[in-house]
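The values are calculated or read from the model by the stated rules, or taken from the named source; none is laboratory data. In this text, all values refer to a predicted model and were calculated from it rather than measured experimentally. With ideal geometry, Cβ positions are generated from the backbone for all residues, glycine too; neighbour counts draw on all protein chains shown. Ligands, DNA and RNA are excluded from the accessible area calculation, which covers all protein heavy atoms including side chains. Shrake-Rupley method; radii C 1.70, N 1.55, O 1.52, S 1.80 Å.
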Amino acid sequence: MGAFETIIYEKQDGIGYIILNRPEALNAYNIQMRDELYEVLGAIRDDTDVEAVVLKGAGDKAFCAGADLTEFLTAPSPVIARQARFERDVWGLFLSIDKPFIAALHGYVLGSGIEMALCCDIRLASEDARFGLPEPGLGIIPAAGGSQTLPRTIGRAAALEMLLSGRWLTAQEACRLKLVNRVVPRADLLPEAEKLAIKIKSHNRTAVSYAKQAVTRGLDITLAEGLQLEAELGRRLIEVKD
Ligand code: COA
């Protein structure tokens, strides 16, 4: 893996840490970040040493303030700028990885920031976190899966209110809507995310992976199919253990 400019990737005791690292632009998501994220996610998928991942933002003010508006506005046209984002399926890759991802969210969590968090399995927020989807206000719609992942997480009405009105949520509101699992004091955010990752990592890695698959794949199929999937994964787990 090469050196990155827009993210930092660290690995410690089986836990991968992805840090969005453009604090001067509130960690806005640009095309270079897309490419670097794609590379690092591929590496995490293939690296058997990594059993859990924490995703966070650098700096005091934001996890991520959404798509990079300077790039968006200086691109030849909004259509081409958006097209560039579809060329690499970062989000498909993100959602296909069978390892647990924990998002540690602080400050501004906007647009693609929410969408990245929604690709994670568990979301912790600090008390200062603020969540919003500015896309329709800019004449666009989410492009990182948010129109699909948000309603699957908080339900249709709440997702549509956020998306259509552009209303921002406080951390407590996000927690009530189950957009985040828990709200913690700012100083506890990373330690809590780390504690969770260590706890998960202490469990059998195949069981963790299969449990994630059963839940995430199960959400997209019927209950009957889901029960079959669970039985199949359970059988495979016994075989692996034997
Ligand atoms: N893309 C590019 N740069 C961004 C950015 C974005 N999405 N969001 C913030 N920045 C930059 C600002 O331009 C500013 O840069 P500067 O210091 O060179 O002027 C820096 O980050 C700090 O932002 P600033 O606006 O000064 O902070 P603030 O606390 O006053 O306001 C926000 C924070 C998030 C309310 C405001 O920056 C904002 O509305 N950002 C755009 C959010 C957005 O619409 N995202 C797109 C989603 S599709």
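How many residues does region 14-35 hold that are away from the ligand (no atom under 16 Å from the Cβ), assigned to a loop (DSSP other than H, G, I, E, B) and under 16 Å from the mean Cα position of the chain (by Cα)?
0
Suppose we filter region 71-108 for residues that are over 30 Å from Ala207 (Cα atoms) and modelled with pLDDT of 95 or more; how many remain? So the count comes out to 3. Looking across region 11-49, just one residue is under 24 Å from Leu133 (Cβ atoms), open to solvent by 40 Å² or more (accessible area, probe 1.4 Å) and among the hydroxyl-bearing types (Ser, Thr, Tyr), and that is Tyr38. Quickly run through region 36-70 and pick out the residues that are assigned to a helix (DSSP H, G or I), away from the ligand (no atom under 11 Å from the Cβ) and either modelled with pLDDT under 95 or over 19 Å from Pro142 (Cα atoms) (or both). The answer is Glu36, Glu39, Val40, Leu41, Gly42, Ala43, Ile44, Arg45, Asp46.
Of the helices (runs of 4 or more DSSP H) lying entirely inside region 83-171, those carrying at least 2 residues that are away from the ligand (no atom under 15 Å from the Cβ) are 90-96, 146-154, 156-165.
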